[in-house]
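Here the structure comes first, spelled out in structure tokens, and everything after it is commentary.
The values are calculated or read from the model by the stated rules, or taken from the named source; none is laboratory data. On a predicted model such as this, the values are computed, not experimentally measured, just so you know. Counting neighbours? That spans all protein chains shown, and the Cβs are built from the backbone with ideal geometry, glycine included. Heavy atoms of the whole protein, side chains included, go into the accessibility calculation; ligands, DNA and RNA do not. Shrake-Rupley method; radii C 1.70, N 1.55, O 1.52, S 1.80 Å.
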Amino acid sequence: MGDQRNYFDLLGLPVDYKVDTQRLELNFKKLQKQFHPDRYATATAGEQRLAMQMATLINTAYETLNSPVGRGLYLLELNGLAQEDRTLKSDPDFLFEQMAWREKLSAASSVKQMQDLLEKTDLNKEDFEAQFDQQFNAGNFLEAQQVIDKLQFVVKFRSELLVRLSTMKNS
């Protein structure tokens, strides 16, 4: 497998934001089994090194494509918008919305309030994923970049919310 292949090719998927997660999982496991370093225990040092490199590449590809944010950033990179070239533009409305979410998270004092906030966060996540897919497929990469930045915030916020919700439930 040459270095010219992208993660989608490697995992046998079409280059698209929408990913068949079952196919991703199946192809990942198949490749992981094929290139697992234990299978090369009696191979030459060069073959062992190549197997280890492939196993690492397969894991990285899977982690990237399995994450909505990672997949979006990777698609932007494949289309010439490398992360270091990206420019963050502030969206004042979204910044205000972020502050409101943070206030709701701080003020939430019951599991029910946290679950309601999680539900709204999940809806926002789905909305941003759909917006990214639409902008990306239209070739509006700068707009897609702005959406992925919002999605990044929502995913991070959701993780924080889940930790707090778990803590509340266990108290």
> So which trypsin sites (Lys or Arg not before Pro) in the range 49-135 pass both tests, a DSSP loop state and at most 16 other Cβ atoms within 10 Å of the Cβ?
Replying inline: K89
> Over the range 79-170, what is the relative contact order in whole percent, taking alpha-carbon pairs under 8 Å and six or more residues apart?
Replying inline: 35
>> Using square roots of five times the C-alpha gyration tensor eigenvalues, list the equivalent-ellipsoid semi-axes of the range 1-42 in whole Å, biggest first.
In response: 23, 14, 5
>> Here are a few candidate values for Kirkwood radius over Cα pairs in Å: (i) 17.5; (ii) 18.4; (iii) 16.9. Which one was actually calculated from the structure I just gave you?
In response: (ii)
> Per residue, how much accessible area does the chain have with a 1.4 Å probe, in Å²?
Replying inline: 62
>> What lysines does K150 reach when the alpha-carbon gap must be under 22 Å and sequence neighbours fewer than 8 apart in one chain are set aside?
In response: K18, K89, K104, K120, K125
>> Taking all protein chains in place and a 1.4 Å probe, what share, in percent, of the accessible surface of the chain do carbon and sulfur account for?
In response: 51
> So what is the relative contact order of the chain, in percent, for Cα pairs below 8 Å that sit 6 or more residues apart?
Replying inline: 20
>> At 222 nm, what value in deg cm²/dmol follows for the chain if DSSP H runs of at least 4 each add -39500 (n - 2.57) and the sum is divided by all its residues, to the nearest 500?
In response: -24500 deg cm²/dmol
